[in-house]
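Engineer: Pasting in a structure now, in structure tokens, and then I'll have a few things to ask.
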Amino acid sequence: MILEARDLYTAYGLSQVLFGVAVTVDVGQAVCLLGRNGVGKTTTLRSLIGLTPPRAGHVVFDGMDITGWAPYRVARQGIAFVPQERRLFGDLSVRENLEVARRGTRGASAWGVERVYETFPILEQLDARRAGYLSGGEQQMLAIGRALMGNPRLLILDEPSEGLAPLVVDALCEHIRALKADGMTILMAEQNLTLALALSERVYILDKGHVRFAGTVAEFEADTTLRDEYLAV
Amino acid sequence: MPDLSAFADPGFLAVQCLNGLTQAMFLFLIASGLSLIFGVLGVLNFAHGSLYMLGAYLSYTIASWFVGPPATFWVALVLGSIGVALVGGIIESVFLRPVYRREELEQLLVTYALVLIISDLVKLAWGAENRSGSRPALLAGSVDIAGRDFPTYNLFVLAVGPLVALALWLLLRRTQFGRLVRAAANDREMVGVVGVNVKGLFTGVFMLGAWLGGLGGGLAAPIGAIFPGMDVEIIVESFIVVVVGGMGSLGGTLLGALIIGQLNAFGILFFPRFAIVFVYVLMAVVLVIRPWGLLGRPVTRG
Ligand SMILES: Nc1ncnc2c1ncn2[C@@H]1O[C@H](COP(=O)(O)OP(=O)(O)OP(=O)(O)O)[C@@H](O)[C@H]1O
Ligand SMILES: [Mg+2]
């Protein structure tokens, strides 16, 4: 188990959003949080990495209790986060967005600008372009590339397919699959069920800040009532 | 009625223009720090003029410690500005860090309080009378510009301005620190998410801005009088430079400083006492036509 979060209670000011969420991720797995808009997927991810520290509960990463750590320490510990809105540094070039996230570990297997360009060849052609001028798909690739520059052991993706055209989603799916095949551990939130089920071993269903279901993809697919109750719009 | 015959004298015009440029260099040094700090930290630092004043007094005093050796001025300039940077580091971590998440008005009040505190401390330490530093022997003379004298020292200041601008540009464009600074101006939360200690970065940026202000003060010490009101005098014009040029734009700050410098230098021929009127009018016009400044960009801060 590389990540274990227990009993997360998180609030924005007076409005309580998470009520005892628990999430675990095993090394090499891909795990997906499912749920309708506003159920607390993003809040769960933000709680894990210290952007919105939980009021109660624990986050343990690789045996280390990182609850309430500042985001930069969490990042240095080995968790990378690709936010829902991508949030690239719009005034920086594609290359600069990667360089700015360069961190620590050198060596053959370490991520660097060149390796990101090999993984996402489209980015190499955009090298000097300002990130603010990229298309949605290009932005998502760059956001993932930026996250990889920190040589993470856990990659967290918040709704990576949101707002992308179907063909771009397919390409993205292949990229994530390749990262996984390369040994990356992945935790993501998704509303695109096809993408989620194609990539994940396990899924969680969130509803109004509670975990309603936790299990393997096969278990999820066996229980058809789950979709109607928690996912259908 | 202003004496327009002055305009017929090329030497006078040239010197007046150079005076405007010299003033522009000082404005640029102060305003670039002000603009950098605002762009990254989001705080409008009223106390930036106080850092400039502190730079002038510190350099003056350090220079007075060792009377004689030719390197005095340079040592004082370097040590004085570094001293101001250190003071800036303390100011940022003690007074500003707690208010980043507060309302802008609260931040303004804190920096305004700092203006009052530093002003009183300076009066306590150095008294209320004017002082003036001395120029380095190397630059003590003057040069002939079309029949008129122009201080060599001012020529030196004219060279320092562009050099600092170039160095700043290289720092922001070509180094990891510069990339981080620009990234933080876009999205400081994400800078933390990629593993950067934003607190440390903010302290570094404030120290850099303070150093620029201190350097301006140190350079001003041998020219103008050093007096307790010099903080307010410079901060007002620096704000105008930044507003005219565009907050957060280095090029805009330089352009703004050049324009204000010339307006002051030539405006004084028309209204000897009220040259600043031209500057206010310019600011008002810019605010109406391009509220984000000449080279700035319309921003929506998140
Ligand atoms: N910064 C905030 N301040 C106050 N309330 C917030 C904030 N961010 C989110 N919320 C509220 O918290 C709840 C959960 O939001 P969250 O963003 O975690 O949902 P989500 O599952 O990620 O939704 P989506 O699928 O739309 O991204 C929502 O009711 C939302 O309105
Ligand atoms: Mg979300």
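The values are calculated or read from the model by the stated rules, or taken from the named source; none is laboratory data. This is a predicted model, so every value here is computed, not measured. We place every Cβ from the backbone using ideal geometry, glycine too, and count neighbours over all the protein chains shown. All accessible areas refer to the heavy atoms of the entire protein, side chains included, with ligands and DNA or RNA removed. Shrake-Rupley method; radii C 1.70, N 1.55, O 1.52, S 1.80 Å.
Engineer: Going by a 1.4 Å probe on protein heavy atoms, which residues of the range B:153-192 end up with at least 20 Å² less accessible surface in the whole assembly than in their chain alone?
Structural biologist: B:GLN176, B:ARG179, B:ARG182, B:ALA183, B:ASN186, B:ASP187, B:GLU189, B:MET190, B:GLY192
Engineer: Cβ under 15 Å from B:THR203's Cβ, B:THR203 left aside: what net charge do those residues give with Lys, Arg +1 and Asp, Glu -1?
Structural biologist: Counting the neighbours of B:THR203, the net charge comes to +2.
Engineer: Leaving ligands, DNA and RNA out of it, report the carbon-plus-sulfur percent of the accessible area of the range B:18-227 at a 1.4 Å probe.
Structural biologist: Solvent-exposed carbon and sulfur of the range B:18-227 make up 68 percent of the total.
Engineer: Go through the range B:193-214 and flag every residue whose accessible area shrinks by 20 Å² or more with all protein chains in place compared to the isolated chain (probe 1.4 Å).
Structural biologist: So the qualifying set is B:VAL193, B:VAL194, B:GLY195, B:VAL196, B:ASN197.
Engineer: Report the gain in length on full extension from A:ALA181 to A:ALA214: 0.36 nm times residue separation, minus Cα-Cα distance, nm rounded to one decimal.
Structural biologist: Stretched fully, the A:ALA181-A:ALA214 segment lengthens by 9.5 nm.
Engineer: Between chains A and B, what is the buried accessible area in Å², counting both sides, with a 1.4 Å probe and ligands, DNA and RNA left out, to the nearest 100? Before the final figure, lay out the partial values.
Structural biologist: Numbers: alone 10780 and 14550 Å², together 23450 Å².
When A and B are taken together, about 1900 Å² of accessible area is lost.
Engineer: Let me ask something additional. So for the protein assembly as shown, taking the charge dipole from beta-carbon charges (+1 Lys/Arg, -1 Asp/Glu), which of B:GLN107, A:LEU193, A:ALA22 sits furthest toward the positive end?
Structural biologist: Towards the positive end, the residue furthest out is B:GLN107.
Engineer: Might you tell me the accessible area per residue for the range A:1-127, computed with a 1.4 Å probe and given in Å²? Write out the running numbers ahead of the final one.
Structural biologist: Values: 5350 Å² over 127 residues.
Ligands and nucleic acids excluded, the figure is 42 Å² per residue.
Engineer: At 7 Å along the Cα-to-beta-carbon direction for both B:TRP169 and B:LEU124, put a label point, then send me their distance in nm to one decimal.
Structural biologist: It is 4.3 nm.
Engineer: What do the square roots of 5 times the Cα gyration tensor eigenvalues come to for chain B, in whole Å, largest first, as semi-axes of the equivalent ellipsoid?
Structural biologist: 31, 24, 18
Engineer: Quick one: putting +1 on the C-beta of Lys and Arg, -1 on the C-beta of Asp and Glu, what dipole do you get for the range A:51-170 around its Cα centre, in Debye to the nearest 20?
Structural biologist: 480 debye
Engineer: So, one more: Heavy atoms of the protein only, probe of 1.4 Å, neighbouring chains included. What is the accessible area of B:GLU233 in Å², nearest 10?
Structural biologist: B:GLU233 has an accessible surface of roughly 120 Å² with all protein chains in place.
Engineer: I'd like the GluC sites (Glu not before Pro) in the range B:17-115 restricted to DSSP loop residues with at most 10 other Cβ atoms within 10 Å, sorted by number. Each step should come with its number before you reach the end.
Structural biologist: On the way: sites: B:GLU92, B:GLU103, B:GLU104, B:GLU106; in loops: B:GLU103.
Qualifying residues, ordered by number: B:GLU103.
Engineer: Only Lys, Arg, Asp and Glu count, each charged at its Cβ (+1, +1, -1, -1), so figure out the dipole size of the protein assembly as shown about its Cα centre, rounded to 20 debye. Show your work: numbers first, answer last.
Structural biologist: Numbers: 41 positive and 43 negative charges, 142 e Å.
Roughly 680 debye, rounded to the nearest 20.
Engineer: Okay, moving on. Using R₀ = 22 Å, calculate the FRET efficiency as 1/(1 + (r/R₀)^6) where r is the Cβ-Cβ separation of B:SER132 and B:ALA159; round to 0.05.
Structural biologist: FRET efficiency, B:SER132 to B:ALA159: 0.50.
Engineer: Which distance in nm do the two modelled labels at B:ASP149 and B:VAL78 give, with both placed 7 Å along the Cα-to-Cβ direction?
Structural biologist: 3.1 nm
Engineer: Sticking with this structure for a sec: Hey, quick one: spin label on A:ARG6, modelled 7 Å out along Cα-Cβ, who in the range A:30-60 has an amide N within reach, i.e. under 20 Å?
Structural biologist: A:44-45, A:47-50, A:53-60
Engineer: Counting only protein heavy atoms, probe 1.4 Å: which residues of the range A:62-98 lose 40 Å² or more of accessible surface in the full assembly compared with their chain by itself?
Structural biologist: With the partner chains in place, the range A:62-98 has these residues losing at least 40 Å²: A:TYR72, A:ARG87, A:PHE89, A:ASP91, A:LEU92, A:GLU96.
Engineer: Apply 1/(1 + (r/R0)^6) to the Cβ-Cβ distance of B:CYS17 and A:GLU124, taking R0 = 41 Å, and write down the FRET efficiency to the nearest 0.05.
Structural biologist: 0.25
Engineer: Averaged per residue, what accessible surface does the range B:18-227 expose to a 1.4 Å probe, in Å²? Mind showing how you got there, number by number?
Structural biologist: Numbers: 8660 Å² over 210 residues.
Accessible area per residue, the range B:18-227: 41 Å².
Engineer: Sticking with this one: If you restrict to DSSP beta bridges whose two residues both lie in the protein assembly as shown, what percentage is antiparallel, to the nearest 5?
Structural biologist: Here the antiparallel bridges make up roughly 60 percent for the protein assembly as shown.
Engineer: Give me the distance in nm between label points sitting 7 Å out from Cα along the Cα-to-Cβ direction at A:LEU193 and B:ALA8, one decimal.
Structural biologist: If labels sit at A:LEU193 and B:ALA8, their model points lie 9.1 nm apart.
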